[in-house]
Amino acid sequence: MKRRFSLTLVLLVMLVGLSLMVFATETLEILSHAVHRDVSVGNTGAKIDVAGEFEKATGIFLNWRTLPWPGMLDVVYRELSLRSTNVGLAFINSDWLTPRMIELLTPLNGFLDKDPIENFSGFSSGLMKSVTFNGKIYAIPMRANASLIFYNKKILQDHGFTAPPSSFEELIDMAKAVSGVREDGARIYGIRCEVPQEIIHWARAFGGDFIDEDFNIKFTEEPMIKALKVARELYEQGVIPSDFMNMVADDWLTLMMNGQLAFDVRSANYYYKLTDPSKSSIAEHVGFCKFPASETVDFEVVPVKTDFWAMGIPKNTSAENKEKAWAFIKWLSSDESTLNMGLNGNGPVKVNILRDERYASSIPYAQDAAEALNVGRPLWPSFDNLPEVADIFKEEAILAIVGRKDPSQAMIDAAKRVEPLLPR
């Protein structure tokens with residue numbers, strides 16, 4: 001009996017000891033998509049365990065709560081809206097950075113002042129603008145893919161072009177020149193014209209925009225009107241499909257991979273899909289370049305769509321969790337970690353890493369992507385009524401392109417409908 005009691009006591013002591021060890025362990029709980037974990041722990045690409053090195057160096061255990069993309073935003077909102085949360089770090093998509101989301105995140109300026117990130121100036125300025133509100137930084141970019149123009153070299157060569165366009169005007173002229181019916185009867189289109197994305201790109205090529213970061217309407221200005229006039233001309237000449245207004249991204253991708261589209265703007269990592277001979281009929285004919293600006297402006301590269309993921313610290317988590325989260329953010333944001341995650345397959349958010357020979361030597365498009373990332377930014381600032389605003393703009397822009405409305409009047413009409421929906 002005495003022996004059994006002693007054994008029980010020993011077991012209790014061991015259990016208590018193990019319990020104390022568990023509770024003594026420093027843990028950082030992270031809400032993310034699986035891709036963020038995989039590029040951090042080295043499940044892909046070069047398989048460099050960046051996160052594991054952090055755990056060894058700090059003694060902080062990382063508990064990854066990975067969420068599927070469908071419904072991820074709802075889970076993040078719910079967790080960050082609780083009275084308190086154990087989550088110390090949340091990955092936030094650039095499309096989610098609405099005023100409502102910003103209210104749930106901790107401003108990071110104090111952390112940056114006290115414990116700066118290495119080579120902070122290396123971050124893309126366009127991305128940093130998108131996470132800055134009223135002078136306060138609310139998240140740190142972690143994953144991005146700059147966009148490039150992909151083109152079919154064979155289509156261009158068949159029409160006497162030996163190099164990609166060097167200006168927006170040249171791009172449009174080339175798109176017109178290569179459009180038509182191929183010898184086998186297939187229709188060739190010059191350029192992707194997806195509304196609203198491409199029309200915003202074209203307006204930016206002329207120095208304009210859609211809506212700026214302060215929610216001022218820019219689409220009534222001359223650059224957007226010029227872009228719509230270009231689109232109308234292309235529509236009337238058959239350079240774009242007659243049913244372009246019903247086409248989505250995958251439809252344009254199919255045209256490109258089937259050899260029926262000359263120019264297409266896509267995230268740089270589409271290079272691998274377009275050059276995969278098992279999926280693409282143009283694998284050996286794929287070229288790429290930066291999106292060239294108009295000859296009428298004083299910049300060379302168009303700030304095309306650049307969506308990204310950023311790391312934010314919930315406002316409703318503890319001060320201790322915030323410190324641990326900042327330590328991990330700082331670790332992942334160092335040049336070495338950014339490079340290693342890039343080699344794992346992540347899209348670097350620092351321009352200097354895209355230009356680093358260790359990265360560029362294995363990524364064919366790295367140099368062009370560096371220039372694109374340097375100026376790239378999302379298509380619009382995020383806000384709660386954005387889907388409705390985008391639909392209004394799309395409706396009015398299509399009416400202008402197909403000749404049902406004057407472009408200037410279409411944008412005036414769009415502005416009247418959009419203005420009440422903007423944050424003020």
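Details
- Among the conditions (1) outside the structural domain of residue 134 (by TED's automatic domain parsing); (2) in contact (Cβ under 8 Å) with a residue 24 or more places away in the chain, the only one that residue 347 does not satisfy is (1).
- Listed by first and then second residue, the pairs linking a residue in the range 28-49 that is part of a loop (DSSP other than H, G, I, E, B) to a residue that is charged (D, E, K, R), with Cβ atoms under 7 Å apart and 6 or more places separating them unless they lie on different chains, are 42/49; 44/38.
- Subset of the range 357-384 (residues that are out of contact with any Ser or Thr (no Cβ under 8 Å at 6 or more places or on another chain) and in a loop (DSSP other than H, G, I, E, B)): 361, 362, 363, 364, 365, 379, 380
- Residues located in the range 53-101, provided they are of a type in the set (Val, Ile, Thr) and at pLDDT below 95: 98
- Which listed residue is in a loop (DSSP other than H, G, I, E, B) and within 26 Å of the chain's Cα centre (by Cα), from 276, 264, 251: 276
- Filter pass, residue 390 being of a type in the set (Gly, Ala, Ser), surrounded by fewer than 21 Cβ atoms within 10 Å (Cβ to Cβ) and modelled with pLDDT of 95 or more: yes
- Top-ranked residue in the range 138-193 [being of a type in the set (Gly, Ala, Ser) and surrounded by 18 or more Cβ atoms within 10 Å (Cβ to Cβ); ranked as farthest from residue 239 (Cα to Cα)]: 139
- Matching entry among 129, 114 (being farther than 23 Å from residue 319 by Cα and either among the basic types (Lys, Arg) or at pLDDT 95 or above (or both)): 129
- Check on residue 388, closer than 26 Å to residue 103 by Cβ and assigned by TED's automatic domain parsing to the domain that holds residue 225: yes
- Against the conditions (1) touching a Phe, Trp or Tyr at 6+ places or on another chain (Cβ under 7 Å); (2) buried (at least 18 other Cβ atoms within 10 Å of the Cβ); (3) not polar (S, T, N, Q), residue 422 satisfies every one except (2).
- Residue among 205, 227 that alone is without any contact (Cβ under 8 Å) to a residue 60 or more places away in the chain, buried (at least 22 other Cβ atoms within 10 Å of the Cβ) and in contact with a helix residue (DSSP H, G or I) (Cβ under 8 Å, 6 or more places away or on another chain): 227
- A residue that is closer than 23 Å to residue 268 by Cβ and under 18 Å from the mean Cα position of the chain (by Cα) cannot be found anywhere in the range 312-330.
- Residue check for residue 385: buried (at least 23 other Cβ atoms within 10 Å of the Cβ) and polar (S, T, N, Q): no
- Yes/no for residue 215 being in a loop (DSSP other than H, G, I, E, B), out of contact with any helix residue (DSSP H, G or I) (no Cβ under 8 Å at 6 or more places or on another chain) and within 26 Å of residue 392 (Cα to Cα): yes
The values are calculated or read from the model by the stated rules, or taken from the named source; none is laboratory data. Given the structure is predicted, the values throughout are model-derived calculations rather than measurements. Positions of Cβ are backbone-derived with ideal geometry, glycine not excepted, and every protein chain shown enters the neighbour counts.
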